[in-house]
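What follows is a set of notes on a single structure, which appears directly below.
The values are calculated or read from the model by the stated rules, or taken from the named source; none is laboratory data. All of these numbers come straight from a predicted model, not from anything done at the bench. Please note: Cβ atoms are built from the backbone with ideal geometry, for glycine as well, and neighbour counts cover all protein chains shown. Side chains are part of the model used for accessible areas, which takes the heavy atoms of the whole protein and leaves out ligands, DNA and RNA. Shrake-Rupley method; radii C 1.70, N 1.55, O 1.52, S 1.80 Å.
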Amino acid sequence: QVQLVESGGGLVQPGGSLTLSCAAAKLTFSILTMRWFRQAPGKQRELVAGITNDGSTNYADSVKGRFTISRDNAEKTLWLQMDSLKPEDTAVYYCNAAYRSYSTWGQGTEVTVSS
């Protein structure tokens, strides 16, 4: 079973930046579609960004132009570069790995955007 471990969350002021990372183990990372989701207090989990095994990306409208998803298959690592952060970006961010019917999640890392 794939193990996903997120890191990089924290407290940041509005307009600031953070980079989240997700380290994967125990699976062929290069075949996986990787995604970042987030869940704000009292809200449903939502897709933030995704990247396929060949590098194609997609983003939620709310983060387009501010967030960048990337991956390094050799390092088995996924990143989410978050710029121009807003208070509404406050959430727990989760890494997800998927291949066909298989899907697994990390434990999440908390991001708080506040002055």
Just to be sure I understand, how many residues within region 72-102 are in contact with a helix residue (DSSP H, G or I) (Cβ under 7 Å, 6 or more places away or on another chain) and either charged (D, E, K, R) or within 17 Å of R45 (Cα to Cα) (or both)? 1
Exclusive hit being touching a Phe, Trp or Tyr at 6+ places or on another chain (Cβ under 9 Å), modelled with pLDDT of 95 or more and not hydroxyl-bearing (S, T, Y), set A49, A40: A49
Has region 82-94 got any residue that is in a strand (DSSP E or B), open to solvent by 30 Å² or more (accessible area, probe 1.4 Å) and of a type in the set (K, R)? no
Hey, S101 over 21 Å from V5 (Cβ atoms) and either open to solvent by less than 70 Å² (accessible area, probe 1.4 Å) or small (G, A, S) (or both) or not: yes
Selection count, region 17-53, where residues are outside any strand (DSSP E or B) and open to solvent by 20 Å² or more (accessible area, probe 1.4 Å): 14
Taking the residues in region 1-16 that are more than 13 Å from the chain's Cα centre (by Cα) and of a type in the set (A, V, I, L, M, F, W, C) as candidates, determine which candidate is surrounded by the fewest Cβ atoms within 10 Å (Cβ to Cβ). L11
Identity of the residue in region 1-16, of a type outside the set (S, T, N, Q) and part of a loop (DSSP other than H, G, I, E, B), that ends up nearest to E110 (Cα to Cα): G9
Go through (1) open to solvent by 10 Å² or more (accessible area, probe 1.4 Å); (2) among the hydroxyl-bearing types (S, T, Y); (3) under 23 Å from V113 (Cβ atoms) for T77 and report which single condition fails. (3)
What are the residues in region 54-72 that are open to solvent by 50 Å² or more (accessible area, probe 1.4 Å) and polar (S, T, N, Q), if any? S56, T57, N58, S62, T68
